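Heads up: the structure comes next, in structure tokens.
The values are calculated or read from the model by the stated rules, or taken from the named source; none is laboratory data. Keep in mind it's a predicted model, so treat the numbers as computed, not measured. Here the Cβ positions follow ideal geometry from the backbone for every residue, glycine too, while neighbour counts run over all protein chains shown. These accessible areas exclude ligands, DNA and RNA; they are computed on the full protein's heavy atoms, side chains included. Shrake-Rupley method; radii C 1.70, N 1.55, O 1.52, S 1.80 Å.
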Amino acid sequence: MNTNPTPAEHDEDKPKNGLDAAIVKIGNALSLLFIFTVIISFYEVLMRYVFDSPTIWVHETASFLGGSLFIVGGLYAMATNKHVRVVLLYDMVSPRTRQYLNVFHHLMGLLFSVLMSWASYTMAREAWLTPWGEMRLETSGSAWNPPFPALLKGIIFICLCVLSVQFLLHLIAEIRGLRKKDV
């Protein structure tokens, strides 16, 4: 089995537009936070088991960072065309049929991401505002009590909005590609 990508496959992995390029750049920079998460987790293990002095902040910070990075990872996967796809049929059809499948994928993805954006908006609104409209960030309820739940819900909302724009841009590009081949 050849694991080296062909030039056409390699081009599919490149960002298709400015938004994708920005997401890849930001994602690469944010990925360094995984190293920070490992360091603070190691610190927690050291403090807890060697010095018998556990922290109250490491677990929630590591969970918040990890959750946030995985959310951004969805945008990164879309930007680099590394999202999960059922290739059983996709690899068996012609490139033209693949384009039609891509259009269907982008339409369904756009619908899904717009609906999820709306749902995450309501979730974030409730985490950021009181019922009477004053700003109040939802907190974790722990002894440390950081506003990580509200922040994470805000990140989810923003990322789903960006994902909706990504799907729209990819859909437009795919339709343009189909039209060029029709001419």
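Helices assigned as whole DSSP H runs in the chain whose Cα atoms extend at least 15 Å along their own long axis and whose mean Kyte-Doolittle hydropathy is 0.5 or higher are found at 18-30, 32-45, 58-79, 148-182. For the chain, excluding the exposed loop sites themselves (trypsin sites (Lys or Arg not before Pro), DSSP loop, at most 16 other Cβ atoms within 10 Å), the longest remaining stretch covers 1-81.
From its DSSP helices (H runs of at least four residues, each -39,500 (n - 2.57)), the chain gives a residue-normalised ellipticity at 222 nm of -24000 deg cm²/dmol. With coordinates expressed along the principal axes, the C-alpha atoms belonging to the chain extend over 68, 49, 28 Å, beginning with the largest. For segment 58-162, applying the loop criterion from DSSP together with a ceiling of 11 other beta carbons within 10 Å to the GluC sites (Glu not before Pro) yields Glu134. Comparing His106, His59, His170 in a Gaussian network model of the chain (Cα springs below 10 Å), the most mobile by mean-square fluctuation is His59. Distance from the Cα centre of segment 42-85 to that of segment 87-114, in angstrom? What the calculation gives is 32 Å, centre to centre.
Amide H contacts of Leu129 (H built 1.01 Å from N, in plane; Pro and chain starts excluded): Arg136 sit under 5 Å, all sequence-distant by 5 or more or on other chains. Surface composition of the chain: carbon plus sulfur atoms hold 71% of the accessible area, using a 1.4 angstrom probe and ignoring ligands, DNA and RNA. By its C-alpha gyration tensor, with a ≥ b ≥ c as the square roots of the eigenvalues, how is segment 81-183 shaped: rounded for a/c under 1.5, else prolate for a/b larger than b/c, else oblate? Here segment 81-183 falls in the prolate category. When the chymotrypsin sites (Phe, Trp or Tyr not before Pro) in segment 95-183 are filtered for DSSP coil states and for at most 13 other beta-carbon atoms within 10 Å of their beta-carbon, the remaining sites are Trp132.
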